[in-house]
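Reading through the structure tokens given below for one structure.
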Amino acid sequence: MKTTMILASMALAFSSAVQAQPAQSAQEGVAVSFAGLNLTTVEGQQALDHRLLRAVKDYCEAHTPGDMGRMTAQHQCAQDLLAKARPQLAQVVADANSRFADIGKPGASR
């Protein structure tokens, strides 16, 4: 089972938000592991959301120029990245719920 979602194109989203930062490779992304989480529970979903927020914060801090507009740039970076990541997170949770619902059905793979 896949236990990591890759938030691809983060660098492209961020490089458009901060013109002073050179564009990064489109291949760059941030991996967010959901190993050990039960995504069919609220607690598991909250833990995944926390991991996502931490990854976005770390990414934006590392890729924001150190000038006077740094806080604004970090905030914009985080908003852009979360807007792209939330649909991926929702799909991971939906997939987990779908697999859980299929358990016990005839012909379901385990």
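The values are calculated or read from the model by the stated rules, or taken from the named source; none is laboratory data. Small disclaimer: the values here were computed from a predicted structure and weren't measured. Note that each Cβ is placed from the backbone with ideal geometry, even for glycine, and that neighbours are counted across all protein chains shown.
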| message | For the stretch 25-37, check the following and say yes or no: at least one residue is modelled with pLDDT of 90 or more and surrounded by 12 or more Cβ atoms within 10 Å (Cβ to Cβ). | response | yes
| field | the stretch 34-67, residues that are hydroxyl-bearing (Ser, Thr, Tyr) and more than 16 Å from Gln91 (Cβ to Cβ) | value | Thr41, Tyr59, Thr64
| request: Mind listing whichever residues of the stretch 68-82 are farther than 22 Å from Ala94 by Cα and without any contact (Cβ under 8 Å) to a residue 60 or more places away in the chain? | output: Met68, Gly69, Arg70, Met71, Thr72, Ala73, Gln74, His75, Gln76, Ala78, Gln79
| query | Looking at (1) surrounded by 15 or more Cβ atoms within 10 Å (Cβ to Cβ); (2) modelled with pLDDT of 70 or more; (3) closer than 30 Å to Ser98 by Cβ, can you tell me which one Gln76 breaks? | reply | (3)
